[in-house]
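The structure appears right after this line, and notes come after that.
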Amino acid sequence: MILIFGGAFQGKLEYIMEKHGLEESQVFTCKSDKIEIDYSKKIIDNLEEFVYACTNEGIEAKEIILESMDKLKDKIVICDDISQGVVSLDKTERAWREMVGRTMLMLGKEAEEVIRVFCGLPDKIK
Amino acid sequence: MNYFISGGCKNGKSFHAQRVAKKMSEEKGLPLYYIATMIPIDNEDNIRINRHISERAGWGFKTIEQPLDILGCLDQIDNKGVILFDSVTALLMNEMFPVGREPKLDVAERIANELKEFCIRTDNTVFVSDYIYSDCNRFDDLTDKYREGLALLDKTLVKACDRVEEVAYGFTKVHK
């Protein structure tokens, strides 16, 4: 698994699609209102939205992903880094950030390669 | 060599950029300009601007006020001089949210093209921007449109500049 993270709008998806010559039809975009990942796609984008859906339902995202870890072996997972900025006053947003943190720590350990994208530029950190 | 410097807010980017610009001007014997982009709207802004002015005092900068239409400042200065452009963030804010008027949400692409041209016409510009993309808030559409617009300007400048640095509390990571 390749794990890509970075701030919002940093060009994470564009970078990895160009690097691996992938098309939009190979991308699954997670949605904030549905606990769903389509493991048949090569790229799983906006994982933070999947985690948001889990947060709303009170379900631990990490546990769901761990159950299907073998399906992630040859995948590219992209997640927004929401770890900076002030602590939110909103309870759901606080819980969301914590759950994204737990999920990313687990994925970071499992991934063979981890890349942070800064303003479109990749920085390989694992 | 054109520079792009970004990083979290209030962590020493402006001061670092000033030092980079000053050094370039001394090494190459070039005039030193400061492009001021901020439009003060309250006393808090005035205090911040006065603090920046006093921090720059004695550094040898000639200050040009250019809060909008950024290419306009190039008619007033030696384009081969050292130009400290602080900040891309304020420029987009001024253009997208004009005081007392409706927001103009589609300006980012035009400004990206202007910044590309700015890079072509100048050799020693230091651009300063703000990395505002890692909060955990579900922002409203206006704020997200602004963040998306600023990210477009940042990515455009990263491509157009020769050197890219990220500043975190005085520490610098060179990305390019």
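The values are calculated or read from the model by the stated rules, or taken from the named source; none is laboratory data. Quick caveat, the model's predicted, so the values are computed rather than measured. Because the Cβ atoms are built from the backbone with ideal geometry, glycine has one as well, and the counts that use them run over all protein chains shown. The area values use the complete protein model at the heavy-atom level, side chains included, leaving out ligands, DNA and RNA. Shrake-Rupley method; radii C 1.70, N 1.55, O 1.52, S 1.80 Å.
Taking the protein heavy atoms of chain B in the context of the full set of protein chains, the accessible area attributed to carbon and sulfur is 52 percent at 1.4 Å.
Mean partner shielding of peptide B:4-10, defined as the number of other chain Cβ atoms within 10 Å of each residue Cβ, is 1. Among the protein heavy atoms of chain A, carbon and sulfur supply 50% of the accessible surface, probe 1.4 Å, non-protein parts ignored.
By the helix-only formula, in which each DSSP H run with n ≥ 4 contributes -39500 (n - 2.57) and the sum is divided by residues, chain B has a 222 nm mean residue ellipticity of -13500 deg cm²/dmol. The mean sequence separation of alpha-carbon pairs under 8 Å and at least six residues apart, normalised by the residue count of region B:86-176, gives a relative contact order of 32 percent. In region A:83-99, burial by the other protein chains removes 40 Å² or more of accessible area from A:Q84, A:E93, compared with the chain on its own (1.4 Å probe, ligands and nucleic acids ignored). A 1.4 Å probe run over the protein chains yields, for chain B, 48 Å² of accessible area per residue, whole-number rounding. Association of chains B and A removes close to 2000 square angstrom of accessible area from solvent, both sides included, for a probe radius of 1.4 Å. In degrees between 0 and 90, to the nearest 10, how far off the longest principal axis of chain A does helix A:91-110 point, with axes built from Cα atoms? Once rounded, the angle reads 40 degrees. Dividing the summed helix terms, -39500 (n - 2.57) for each DSSP H run of n ≥ 4, by the number of residues in chain A produces a 222 nm estimate of -11500 deg cm²/dmol to the nearest 500. For region B:80-173, trypsin sites (Lys or Arg not before Pro) are listed when DSSP marks them as loop and at most 11 other Cβ atoms sit within 10 Å of their Cβ; the list is B:R101.
Pairs of alpha carbons in the protein assembly as shown separated by more than 29 Å make up 41% of all such pairs.
Taking chymotrypsin sites (Phe, Trp or Tyr not before Pro) across region A:21-61, the ones in a DSSP loop with at most 16 further Cβ atoms lying within 10 angstrom of their Cβ are A:Y39.
Near the amide H of B:V126, within less than 5 Å, lie the amide hydrogens of B:Y3, B:I83, B:L84, B:F85, all on another chain or at least 5 residues away, with H placed in the peptide plane.
Residue by residue, region B:147-160 carries 3J(HN,Hα) couplings of 5, 5, x, 5, 4, 4, 5, 4, 5, 5, 5, 4, 5, 7 Hz when phi is fed to the Karplus relation 6.51 cos²θ - 1.76 cosθ + 1.60 (θ = phi - 60°); x denotes Gly or Pro. For region A:1-28, accessible area lost to neighbouring protein chains reaches 30 Å² or more, against the chain alone with a 1.4 Å probe, at A:A8, A:F9, A:Q10.
A straight chain from B:D45 to B:N11 at 0.36 nm per residue would run longer than the Cα-Cα distance by 10.5 nm. 3J(HN,Hα) along region B:14-20: 4, 5, 4, 4, 4, 5, 4 Hz, from the Karplus curve 6.51 cos²θ - 1.76 cosθ + 1.60 with θ = phi - 60°, whole Hz, x for Gly and Pro.
The angle between the Cα long axis of helix B:43-56 and the longest principal axis of the Cα atoms of chain B comes to about 20 degrees, rounded to the nearest 10.
Rolling a 1.4 Å probe over the heavy atoms of the protein chains gives region A:2-124 an accessible area of 50 Å² per residue. Among B:I64, B:I35, B:I49, the largest mean-square fluctuation in a Gaussian network model of chain B, built with springs joining Cα atoms closer than 10 Å, belongs to B:I49.
Of all beta bridges that DSSP places with both ends in the protein assembly as shown, some 20 percent have antiparallel geometry.
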